[in-house]
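Contents: one structure, followed by commentary.
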Amino acid sequence: MEYAMFGSRRVDDDTGFRRQRTVRFREERTKATMPIHQKQAGPAARKLGVGNWGKNRIFVAGQDLPHKRIIDPTSDFILLWNYVFRVSCFVALFMDPLYFYVPKIVYGKTSCVGKDRHLAIIITVFRSIADLFYVIQIVIKFMTAYINPSSKSGVFGRGELVTDPNEIAKTYLRSDFVVDLVASIPVPQIITWSVIPAIKYTWSGHNNDILFLAALFQYILRLYLIFSLNSKILKVTGAFSKTAWQGAVSNLLLYMTASHVLGALWYLLSVDRQTACWQKYCNKEDGCHNKYLSCNAKPDPNWAKSSTIFDACNASNKTLTTFDFGMFGTLLSNKAPGHRFLKKYLYCLWWGLQNLSCYGQTLGVSTYIGETLYAIFLAVLGLVLFAHLIGNVQTYLQSITARVEEWRVKQRDTEEWMKHRQLPPVLRERVRRFIHYKWLATRGVDEASILKALPADLRRDINRHLCLDLVRRVPFFSQMDDQLLDAICGRLVSSLSTKGTYTVREGDPVTEMLFIIRGKLESSTTDGGRTGFFNSIILKSGDFCGEELLGWALVPRPTVNLPSSTRTVKALVEVEAFALQAEDLRFVASQFRRLHSRKLQHTFRYYSHHWRTWAACFIQATWRRHKRRRLARDLMMRESFSSMRSYEDGDGGGSFAEHRRSVKIMAAARKGSDGHRELPKFRKPSEPDFSVEHDD
C-alpha cells in the first residue's frame, strides 16, 4: 500500500509494463539505448509466436511510429475523426432522399413532369460536401495501422500493429475498399445532371426508376458504413452518447430519419403513378406521344386542345377518373407535387411519421404490386423501428431515474424496518432526515467506489483538489510540506451529519478528526475543575475537532486505547465534513517523522481548544488566588496599623486583645484560602511526546 500511495517508482514501472501493447515494424534496426523491458520483449515474442524478431520488433506504446504518415488506430485523432465522419454520414443520409423531391408536376391545361433545378443545385452542393468526407475516410484508412488478426495476445495482452504502408494498403484493398469507394461515388449527382438529361423525351417513369434504384443501392451501403462505424466507436468508448438524453434524442432522430425517407419515397412514387396514368390514356389516344408528358418537349397544339387524358387522370375529380391511385391519391388530389419544396416536404414528412407510427393501418392500397409491396415494407419497418425506439428510449430514461428509484426503494425498506422494530417517532424522523440529506449531498453516488476504481496518481490529484485547501486551514497542518499533506488528503473520507446529531460526547473515545466543509457545530465541555463549569464554542467552515487524536498518534508507541473526548460536539445544522480516522492518522504519523518537531508542538498547543480551555481556567484560578492573597495582605497591614495606634494611646490590654482578634481573622482567611486551593482543578491536557525517537 505504501508504494501505491506515495508513487513508488517500482510500482509505476510494473504498471507500465503490464499495460504495454505490441506493434510490428519491418526493416528497422534496434536502437542501442533500448530499455531493459523492451530487450526482454524479443525472446518473449518469439516464444509466444508473436512475430519474427529478425525483421520486426515489438512496439511499446508511447514511442514514435517509424513512418510519420502512419496513424495509430487507438489515437485520439482517430476517435475524433470517427465522430466527425459519423456526423457527415448522417448528413449524407438526410440529403440523399431529398433528390426524390427534384421531379415536380407543372399543373395546367396540359400538365407535364419537370425538374426543380433550384432545389437540385442546392442538394448537389451539400451532397458533394458530404461525399468529400467519404473520400477523406478512404485516405485516412490507407494511413491507419491495423492489428494483425493472426498475432497472438501474449504477455502484452493485445495483438501487434502492422505499420508497413504496403501491408496496410493490401489489407485495405482486400477488405473494405470496394464498399467505401462505391459509397463515395456521387451517384445521384451523376444521374440527375448527366444520365437523365441525356435520355431525351422519355416519360418520367423510367427516369424515376433509375434515380430510385441507384439511390437505394448507395443508401444501403452508407447505412452499412454507419452501423460498422458505430460498432467501432462502441468498442473504443463503450457508449454512443455521453448522457442519457443524448441517447434518447439520437434514437428519436433515427426514427425521424426513417419517416423522412418514407415520405420522400412516397412523393416519388406518387409522381410515378401520375405519369403511369397519363401514359395509360396516352397510349389509347390518337396523336399522343410520351414525350408530350415531359416539360422539356413542346406538345402539339391541336392535340393539347382535344386531349382528355389530364381530366381522366385528375385524382381530385373522382367522378371523371377511373384510375385507382391507391395510397398516392391523397398527395395527388392536393396537387402537392406542384407546390413549393417546403410545403410538400413537410406534408410528406408528416405522412411518413404518421404511417410509420401506426404501421400503415390507415392506408388504402390498390392492386398495384409495387404499391402493395411498399405498404408491406412500411408496416414491417414501422413495427421494428417503433419497438426499437420505445425500447431504447425507455432504457435511457430508466438510466436517468435509476438512482431516484433506488433511493425510493431504500426509503421504503427503511420505513418498513423502523415500523417492524417499533422505533419512536423522534428516531424515525431523525433517520428520515439523514437519508434525505445524504441524497441531497451525494445524489446517490458512491464517491468511495468511484475514487477506488481510479489509479493512484489520479486519485491523489482529486483528493488534493478537494481537501488540500481545507486541510491547510488547520494551523497544525499548515506547517507541513506538500508530500505529508497529500498523504493526509488521500485518507480523508466524506462525513455527513444532520441537525441535532452528536458527533462525539464528552468522555467517549475519539475515533476521528473532522474538518468542516459547511455547516455549524457546537463544541462544549463541563470539565472545568469546579461545579457548574460550562464552556461552549461554535465550529464553522474551516474549523476542526477531535484534536485529541493528534497527541495520541504522535506518541512513538501509542496505546491501543483511544483517547477520551474532552468536549461534546453537536451539529446545529446539516454538516458536511471530511473525516480522518484514528488508524489513518497514526499511519501517517508513523511514516512521516517530520511531524515530531517543537514547532508543531507549539502550534498544536496554541490552536487546540482543549489547551485553550485549560489555559483560560489556569489563568482565572491564578488571578483569584492572587486577589485573595492581596486581600489578606491588605487586611494584615490594616490590622497592624490599628494595633500600633492603640498601643500608642496607652491601652495595652486592649491592644493585646485586638492583636489576638486580628490573628484569628488572618488564620481564618488563610484557612479559607487553603480550602479553596483544595478544590479539584481543571485537568491539564496530556502532552504528546514530540521528540524524535530513533529505533534500533
Self-check item: Neighbour-count order for Arg625, Arg222, fewest beta carbons within 10 angstrom listed first
Solution: Arg625, Arg222
Quiz prompt | Mean Cβ neighbour count within 10 Å, used as a protection proxy, ranking 485-492, 109-116 highest first | solution = 485-492, 109-116
Quiz item: Between segment 349-410 and segment 434-455, what's the alpha-carbon centroid distance in Å?
Solution: 38
Quiz item: Taking amide H positions as placed 1.01 Å from N in the peptide plane, with prolines and chain starts having none, which residues 5 or more places from Thr568, or on another chain, fall under 5 Å of its amide H?
Solution: Glu506, Ser524, Thr525
Quiz prompt | Estimated inter-spin distance, Ile122 and Tyr224, nm [label 7 Å along Cα→Cβ] | solution = 3.3
Quiz item: What residues from segment 293-321 fall in the zone where the backbone N is under 13 Å from a label point 7 Å along the Cα-to-C-beta line of Val106?
Solution: 293-299
Exercise. State, as an integer percentage, the relative contact order of segment 76-387 based on alpha-carbon contacts under 8 Å between residues 6 or more apart.
Key: 21
Exercise. Please order Cys277, Cys348 by the number of other Cβ within 10 Å, starting at the fewest.
Key: Cys277, Cys348
Quiz item: If each of Ser194 and Gln411 carries a label point 7 Å out from its Cα toward its Cβ, how far apart are those two points in nm?
Solution: 6.7
Quiz prompt | Cα gyration tensor category, rounded, prolate or oblate, for segment 427-473 with a/c compared to 1.5 | solution = oblate
Quiz item: Modelled label-to-label distance, Ser150 and Leu373, 7 Å Cα→beta-carbon offset: nm?
Solution: 4.4
Exercise. Give me Thr367, Thr171 ranked fewest to most by other Cβ atoms within 10 Å of their Cβ, as a rough exposure proxy.
Key: Thr367, Thr171
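Read-outs throughout are calculated quantities, based only on the coordinates presented, and are distinct from any laboratory measurement. As the structure is a computational prediction, the values presented were derived from the model and not from experiment. FYI the Cβ positions are ideal-geometry reconstructions off the backbone, even for glycines, and counts take in every protein chain you see.
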